[in-house]
Every structure is written in C-alpha cells, then in structure tokens.
Amino acid sequence: MRLTQYAHGGGCACKIPPGELESVVAGLVGDAPPEGPGELIVGLDDGDDAAVVRIANGTAIVATADFFTPVVDDAYDWGRIAAANALSDVYAMGGVPVVAVNLLAWPREVLPLELAAEVLRGGLDVAREAGCHVAGGHSVDDPEPKYGMAVTGVADPDRIMRNDAGTPGVPLTLTKPLGVGVLNSRHKATGEVFAQAVDAMTTLNRDAAEAAVKAGAVCATDVTGFGLLGHLHKLARASGVTAVVDASAVPYLDGARDALAAGYVSGGTRRNLEWVRPHLSADGVAEDELLLLADAQTSGGLLVAGEVPGYPVVGELVPRREGCTLIVR
C-alpha cells in the first residue's frame, strides 16, 4: 500500500508556512514566567528547535515534539525517518535524547493496524540506536496517517547550541546534503524509491552534534521543513547578523537536480522561498538554485555556526546588512 497517497503532503513539507505560523504564536511570548522548579533558558522567542529548561544540579532539560504525514511508502522506513527527525531537535540544541513517547494518528478503517505496528517498530529501532527509551505515547483515529515523537533530553546548560548565538566572522557548516524534498516529491508522484534519500533521512544527527559541541559551537539549528534558506534566515535574524551562502559549496543528494528539472517541487518549498525573498540578496543566482536552497527537508542535517571537522563549510556569518539577512552567491 502506498502510504504517501493517503496524505495531502509529505514529511516536513506539510508544515504550516513559516510566516503564517509566526503570526499564530506571536502572542504566546513575553508573559511573566510561572513559578516552578525550572528556569526557561530557550523558549518560543526565536523559534528555536526545542525548549530548554535549567533545573537543579546543573542540568538542562530539552523538550520537543515532531510528527508528520507519510514521506515514503514503506511503513517501517517512515517510522525510522519520523523518529530520526524528532530526535534531531534535541541534537540541534547540543543535547542527548533520554526518553520519547509516540504520537500516532491512524485511519483505522482504511489502513490495516499491522502497518501502524511497522511504523512504530521503525521509530523504536531508531530510538534504540540513539540510546533513547520509548515509553508509550498517544494515538487517535484520524482520516490522515501521521506519526512522530515527543522527545525529552538533557544537556549541559553552559554548552547548549541555540539559534540566536551566531556572531560575524564565523563559518557555516552543513552536515547533510540537501535534496530530500524534491526526491520525496518525485517518490510520492511516481513510486520511485530513492535509497540515498532514505539513508540521509534515517541517519541520526548524533555524531554531527557531538562534533559541533566538541568544536565549541554555540549556535546551530537543523534544516527541516523551512529549507536551508528558511532556517538560516531565522538563525541570522535571531542573531542579528547576515548569512552568506556559497551556493557552489552546498552538497546535494544524487538525483536532486534531475528531480527539480522534472518539476517535482513541493508547495512548501515554493512558500519557503517566497517567505525569505524580501530578506534575500541573490543577484545572478538562478531561480532553480534558490528553489533547491529552499527545498523543504525532512530529517535534514545540522546547520552549525562554526567549523565542524569532517563536514563541508557552505558560507559564513557577517555583520548585519540593512534589510538583508541572507546573501546567496
């Protein structure tokens, strides 16, 4: 059964567009903090990847949730991808995942529950690879299948990575190639299977996060539904800098450019580009190149302000340019 045919979108490409989402949550920040045992040190203000709360004994709790519609037809692989994607938010903060709970929506009268079991098995296997417990969760009967996890992790509060800590003069490192979005769009339309995309999406960002923290990085995000340009715009805006991207240095998965040329571009990718375009300077850069840079990724890599050994440098942060957070060359 082709799971992608039971969903209106796929993976992180079905996120609510970033501009619309920001208007929805705009009134949820700035309130006085509640009394309680923890101190919120990363919250909603800059749209970071996860919340971070400092508790007693020098520990920070990292909390996040992520779920989406099927991005591939294979139920087990979808579970693996969704789990790796949810765990990535903890890694993007420099944390280590400790425990996760499943989030499952399933059209029980349309799709067999045996497929749901395969989805959950895929999520469990990736969580085990990450050394993260999976303990229950929540399920609902829903016309459209969705799966993900709520994940809790821990971090050193003095060594977290956040999206508002970028400084001029620092290189930008990308730890996974782009192109997942256009390949997934082609898969949904044709049924072609792209093993290189599945491999990328199921690869944990654990090693990249450990290397980034070891290298002294304090600013990072992961590249998911808003594309490289969207997430980099958020990072640059929050940090008060401008980001310069060397388009020729950005790596892509095999087949990504062919999928783009064949027209397999999601609506989410086009919305990403339109969202950042007012803040973008890209003289002489082809529209197709910008679409790839805005390609809506699912379980993408980390984008780190700093040089991380073993991963490509794709740009740098520079002092803020008036009215411009992004420059593509």
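The values are calculated or read from the model by the stated rules, or taken from the named source; none is laboratory data. Remember, it's a predicted structure, so these values are computed and weren't measured experimentally. Because the Cβ atoms are built from the backbone with ideal geometry, glycine has one as well, and the counts that use them run over all protein chains shown.
The figures follow:
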read-out: Answer from Ala238, Ala259, Ala217, Ala211 - the residue that is more than 21 Å from Leu172 (Cβ to Cβ) and among the hydrophobic types (A, V, I, L, M, F, W, C); value: Ala259
read-out: Residue list for the range 287-324, filter: without any contact (Cβ under 8 Å) to a residue 24 or more places away in the chain and either surrounded by 16 or more Cβ atoms within 10 Å (Cβ to Cβ) or within 29 Å of Val72 (Cβ to Cβ) (or both); value: Glu287
read-out: Where Asn272 falls short, out of the listed (1) without any contact (Cβ under 8 Å) to a residue 40 or more places away in the chain; (2) in a helix (DSSP H, G or I); value: (1)
read-out: The range 155-172 - residue that is in contact with a helix residue (DSSP H, G or I) (Cβ under 9 Å, 6 or more places away or on another chain) and assigned to a strand (DSSP E or B) and, of those, nearest to Asp125 (Cα to Cα); value: Ala155
read-out: Qualifying positions in the range 106-121 - under 27 Å from Thr203 (Cβ atoms) and in contact with a strand residue (DSSP E or B) (Cβ under 9 Å, 6 or more places away or on another chain); value: Trp106, Leu115, Ala116, Val119, Leu120
read-out: Failed item in (1) charged (D, E, K, R); (2) in the same structural domain as Val244 (by TED's automatic domain parsing); (3) under 30 Å from Thr242 (Cβ atoms), with Asp164 passing the rest; value: (2)
read-out: Among the residues listed as Val126, Val90, Val99, the single one being over 14 Å from the mean Cα position of the chain (by Cα) and buried (at least 24 other Cβ atoms within 10 Å of the Cβ); value: Val126
read-out: Odd one out for Asp141, checked against (1) touching a Lys or Arg at 6+ places or on another chain (Cβ under 8 Å); (2) touching a residue at least 40 places away in the same chain (Cβ under 8 Å); value: (2)
read-out: Members of the range 61-74 that are hydrophobic (A, V, I, L, M, F, W, C) and crowded, with 24+ Cβ neighbours inside 10 Å; value: Val62, Phe68, Val71, Val72
read-out: Strands (runs of 3 or more DSSP E) completely within the range 2-83 that count 3 or more residues being touching a residue at least 40 places away in the same chain (Cβ under 8 Å); value: 59-68
read-out: Checking Asn184 against (1) assigned to a loop (DSSP other than H, G, I, E, B); (2) in contact (Cβ under 8 Å) with a residue 24 or more places away in the chain, the condition it does not meet; value: (1)
read-out: Residue within the range 250-265 that is of a type in the set (D, E, K, R) and either under 14 Å from the mean Cα position of the chain (by Cα) or not assigned by TED's automatic domain parsing to the domain that holds Pro309 (or both) present; value: no
read-out: Any hit, the range 115-126, residues being among the β-branched types (Val, Ile, Thr), closer than 20 Å to Asp74 by Cα, touching a residue at least 24 places away in the same chain (Cβ under 8 Å) and not in a strand (DSSP E or B); value: yes
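Residues checked against (1) assigned to a helix (DSSP H, G or I); (2) buried (at least 20 other Cβ atoms within 10 Å of the Cβ); (3) among the β-branched types (Val, Ile, Thr):
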| residue | (1), (2), (3) |
| --- | --- |
| Val213 | yes, yes, yes |
| Gly216 | no, no, no |
| Ala220 | no, yes, no |
| Thr224 | no, yes, yes |
| Leu228 | yes, yes, no |
| His231 | yes, yes, no |
| Thr242 | no, yes, yes |
| Ser248 | yes, no, no |
| Asp258 | yes, no, no |
